[in-house]
Amino acid sequence: MRNEIALKVNGTHIVVPPGATVAVAVALAGQVCRKSASGAPRGPLCGMGICFECRVAINGQPHCRSCQAFCEEGMDVRTNG
Amino acid sequence: MASSTPDGFDVLVVGAGPAGMAAAVRAAECGICVGIVDDNAAVGGQIWRKSAEEDVTEDAKSWADCLKARQVTVLGGMHVFDQPEPGILLAESSDNRSVLHYEKLVLATGARERFLPFPGWTLPNVIGAGGLQAMVKCRLPIRGKRVVVAGTGPLLLAVAAYLKAHGAEILKICEQASWLTLLRFATSLLTQPAKIWQGIQLSQQLGGIPFLTSSWVAAAHGDKMLEAVTITSGSETETIDCDYLACGFHLVPNIELPILLGCEISDGFVQVNDLQETNVSGVFCAGEPTGIGGVELALVEGQIAGLAAASRIAEARHLFGKREGFRRFARSLQRAFRLRPELRMLAGPETIVCRCEDVMYAQLCPYTSWRSAKLQTRCGMGPCQGRVCGAATEFLFNWSLDSARPPVFPARVESLVAVRDIKQQDPQKIS
Amino acid sequence: MNVTYDIIIVGAGIVGAACADELSRRGMAVAIVDREWIGGGATAAGMGHIVVMDDSEAQFALMRYSQQLWHKLRLELPDDVEYEQTGTIWVAADEEEMAEVRRKRNYYGQRGVPVEELDAQGLKHLEPHLRDALAGGLRVPDDAVLYPPCGARFLMERAQQSGAKLHLGRSVTQIGDGCVRLTDGLEMQAQYIVNAAGTSAGDLTSGLEIRKRKGHLVITDRYARFLRHQLLELGYLKSAHSVTTDSVAFNVQPRRTGQILIGSSRQYGAEHKEVDHEILARMLRRAEEYMPGLRAMSAIRCWTGFRAATRDKLPLIGPWPDDPSLWLATGHEGLGITASLGTARILADQITGAAPEIPIEPYLPSRMMLSQTLKEPANA
Ligand SMILES: Cc1cc2nc3c(=O)[nH]c(=O)nc-3n(C[C@H](O)[C@H](O)[C@H](O)COP(=O)(O)OP(=O)(O)OC[C@H]3O[C@@H](n4cnc5c(N)ncnc54)[C@H](O)[C@@H]3O)c2cc1C
Ligand SMILES: Cc1cc2nc3c(=O)[nH]c(=O)nc-3n(C[C@H](O)[C@H](O)[C@H](O)COP(=O)(O)OP(=O)(O)OC[C@H]3O[C@@H](n4cnc5c(N)ncnc54)[C@H](O)[C@@H]3O)c2cc1C
Ligand code: FES
């Protein structure tokens, strides 16, 4: 098994350990997941797929729950997505 | 996207937490075709959420091994969002959808944390207690981070111990319940040696961390991220710098799918008979949706439901006594961690209540029901479908939610169209 | 509640609210009664497309009149009404439908409605997410979209500012002879009663035939700038108005939030408000055919609503011949959000004896009595 996974968050390369979710990658990249309807920064709340606060775009698909998605090699993650 | 394949099961279990795993294993022991589906990629539910770094507990491992040994079909990373007709559920994953046919169904959808609004609760790094634990299990670095744990319920202690063990600096644990109610709760546990043992272990692990009762978070501060929290006991307040606030107010059951299926709900919980069967024939329910009672109760209820679904009634009956003991514990839990009325006052007029749509507390005040507030302010209209703000407004305004509508979970348009495939293909049993 | 009003309106949907607003601003003492909250009936379910339609001359007149009233009102509408002049594009799939584009263009043009004919390229330019190989379309820039429940609330608040009294959470069991009876036994008196109870109007006025036409809608998460106009297929004219069979049509709407509201379906004889999965799937398939990009979008909610339909597809606005105290304002089928303002005007004109700005005869309830034997129009 690989011991690290490389992906991009908002175009910046980042390396995470296996088993890391995209939410964790976003946090490691020093980003927040999204801007709320009125423009405030938001990050994960429930950590278990319920609250949808952690939505990001993954490989071009918007509104993915980053806490439920595991990082994969070469993934392209965009916040505010 | 891959096309949908219809799967057929004698017993299908929704939710692969302790309750669901136990149900699936017991049902599968009699050689029938059993499937288990969960939104999470791996089995385990909330408490046995697998971490990449460390092994899960013995219990978790043995149930997971049984699932394998009994050849239960595990459909991970799939959430069930609709029942187009009795006997058929629709589920989707990030790149697929499934049409799941069942003869008998066990709903083991578990619970989520209750979140209550207070000024600053929308700042990044204000996160659920169980939520932060789950993130750490998913490799969020926590070593050296300063964490305040607050809210109510036994989960706070479990989470604090877990975070501490992973190197977090737990600054304070704030439990809103009073010392007296906790003492009564502890006394009620005297009949349950296992719980006492857990309690003793916990208090050893938590040694040295200030544990405040009758204490809660009044506000979180920060510019773009959490920087500090103000905690209060009503009379005294204190502001503490921290990196994370792990905050949850006990648990609310996930009953949206049971409601959609027509299961009777009373006092917010799914009603079941002795065999864990709901009023909908052939649909069973186990674990947190029938009452918040912890992992032991979930396991017994799950086993009973699984046995009953496989028509092993006599064996199911053997577990009734055990279940009763754990149910007593569930009832004392409910009493001990009742929310104090002061918490209703925390939200200011401008505090966001609905985080999906950014609806403020003051906007909600003129309304008398969830539905009118929702229609007029958009509260609860976002993708969480009211799972967060609904539980909050239930406490804040005494509103009860209206009925569940499909999809009970957001689903892709193409997955909603999958219902057409039902008519075109017959299910194939997998065994 | 022993006060006597000039007028009691039953129903606080957008039609009742518009009537309350208009009548109270003309100085009448108005009360409104609703068993639920403002805008909780069909108004909560409707799409909120402010649209001019031309199924008949009479329909066109009321819709155009109403569309212009909304346009005039737009500056007073609070933000949460989400009024947005998106315009409509009627999408033509083939040459046959382009012929309809031209017919419609001439019809609207002759009656002073600005329109723009689009060829395939022009259509693609305005709505790049439509599928390729469509023939073109007709753009109606005056059309708009709004959020109906807040529209109804705004009108009701204005009515209240002019003195109207609102009684919510009270169910009406009987109306007639200047009297409104509530479930709790209470009675309210007025010179006139307006039945604006939507699909329930027929339960309160015997001899009034209102049929329910069920519709489904789906709303997505936010996808900013994906869609700019309300889009309707012109096949709509061929299929969706069929009176006897269930039908679906491509009908999508951009919300201010960036969400996309996907419609539409029409069913007769369906009484249950539960989602009908078969028709929902057909409706979404149709939408996907026109806009493949919808497929991967996250749908947050589905719901259904009932349109109050009359036999001749025109609303009922005016006195009820059997009872001099009773007036009707209902039967708007799929167009009541738009038509609410025009309806309120011509109802108030009739009640106060003012001269209406459009001919009112086609909407008078008395026509129902005359045309008991009239056949359903085959393809209205
Ligand atoms: C966030 C959180 C953290 C917790 N941490 C602890 C802890 O550290 N220690 C402790 O003692 N107790 C903890 N608990 C309590 C513990 O989860 C329960 O006591 C018990 O284990 C519940 O078992 P269950 O099987 O009923 O539910 P759960 O373990 O909650 O399992 C339910 C499962 O159903 C799945 N599910 C729900 N709806 C759907 C759907 N529509 N489609 C597909 N899948 C679905 C969920 O993804 C979940 O995996 C926690 C609870 C929560 C909510
Ligand atoms: C799916 C769908 C899409 C639509 N899209 C559009 C569109 O895009 N554009 C458009 O213009 N129109 C549209 N419509 C039509 C529009 O929604 C309706 O015509 C309009 O809302 C009717 O308003 P109303 O006030 O007459 O009825 P309602 O909103 O139904 O109001 C009637 C009120 O009467 C009350 N009531 C009934 N009986 C009683 C009683 N006995 N006692 C007390 N109160 C009572 C009800 O509680 C309700 O509040 C659509 C309709 C549907 C179903
Ligand atoms: S943090 Fe709640 S859904 Fe991801």
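Pick out, from the stretch B:226-276, the strands (runs of 3 or more DSSP E) lying fully within it that include 3 or more residues that are aliphatic (A, V, I, L, M).
Here the list reads B:228-232.
So, B:Lys68, is that one over 23 Å from B:Pro253 (Cα atoms), without any contact (Cβ under 8 Å) to a residue 40 or more places away in the chain and away from ligand 2 (no atom under 16 Å from the Cβ) or not?
Yes, satisfied.
Residues that are more than 28 Å from C:Lys313 (Cα to Cα): find the strands (runs of 3 or more DSSP E) completely inside the stretch C:162-242 holding 2 or more of those.
C:165-168, C:179-182, C:187-195, C:211-222
Consider the stretch B:311-334. How many of its residues are under 26 Å from B:Ile259 (Cβ atoms) and open to solvent by 20 Å² or more (accessible area, probe 1.4 Å)?
Residues in the stretch B:311-334 being under 26 Å from B:Ile259 (Cβ atoms) and open to solvent by 20 Å² or more (accessible area, probe 1.4 Å): 4 in total.
Tally up the residues in the stretch C:291-307 that are open to solvent by 10 Å² or more (accessible area, probe 1.4 Å) and either more than 30 Å from C:Ile193 (Cα to Cα) or more than 10 Å from chain B (Cβ to nearest Cβ) (or both), please.
Going through the stretch C:291-307 one residue at a time, the tally reaches 10.
Out of all the residues in the stretch C:211-247, which are at pLDDT 95 or above and β-branched (Val, Ile, Thr)?
C:Val218, C:Ile219, C:Thr220
Could you go through the stretch B:34-46 and let me know if any residue there is farther than 20 Å from B:Ala286 by Cα and outside any strand (DSSP E or B).
Checked the stretch B:34-46: at least one residue is farther than 20 Å from B:Ala286 by Cα and outside any strand (DSSP E or B).
Could you go through the stretch C:297-304 and let me know if any residue there is polar (S, T, N, Q) and farther than 20 Å from C:Gly11 by Cβ.
Yes, the stretch C:297-304 contains at least one residue that is polar (S, T, N, Q) and farther than 20 Å from C:Gly11 by Cβ.
Out of the residues in the stretch B:226-261 meeting the condition of being within 16 Å of ligand 1 (Cβ to nearest atom) and under 16 Å from B:Val159 (Cβ atoms), tell me which one is most open to solvent (accessible area, probe 1.4 Å).
Across the stretch B:226-261, the extreme among qualifying residues is B:Leu251.
Only residues that are surrounded by 11 or more Cβ atoms within 10 Å (Cβ to Cβ) and under 18 Å from B:Arg335 (Cα atoms): list them for the stretch B:186-195, please.
Within the stretch B:186-195, B:Ala186, B:Ser188, B:Leu189, B:Thr191, B:Gln192, B:Lys195 meet the criteria.
Is it the case that some residue within the stretch C:215-236 is open to solvent by 50 Å² or more (accessible area, probe 1.4 Å), in contact with a Ser or Thr (Cβ under 7 Å, 6 or more places away or on another chain) and either within 16 Å of ligand 1 (Cβ to nearest atom) or not assigned by TED's automatic domain parsing to the domain that holds C:Leu118 (or both)?
no
Hey, C:Tyr83 hits all of (1) closer than 24 Å to C:Thr199 by Cβ; (2) out of contact with any Gly (no Cβ under 6 Å at 6 or more places or on another chain); (3) buried (at least 20 other Cβ atoms within 10 Å of the Cβ) but one; which does it fall short on?
Condition not satisfied by C:Tyr83: (1).
Which number in (1) touching a residue at least 40 places away in the same chain (Cβ under 8 Å); (2) within 30 Å of B:Gly325 (Cβ to Cβ); (3) open to solvent by 50 Å² or more (accessible area, probe 1.4 Å) marks the one condition that B:Gln204 misses?
(1)
For the stretch C:61-80, which positions are buried (at least 20 other Cβ atoms within 10 Å of the Cβ) and free of Cβ contacts under 8 Å to residues at least 60 places away in the same chain?
Hit for the stretch C:61-80 is C:Arg64, nothing else.
The values are calculated or read from the model by the stated rules, or taken from the named source; none is laboratory data. Since we're looking at a predicted model, the values are computed, not measured. Backbone-built Cβ (ideal geometry, glycine too); neighbour counts: all protein chains shown. Protein only, heavy atoms only, side chains kept; ligands, DNA and RNA dropped before computing areas. Shrake-Rupley method; radii C 1.70, N 1.55, O 1.52, S 1.80 Å.
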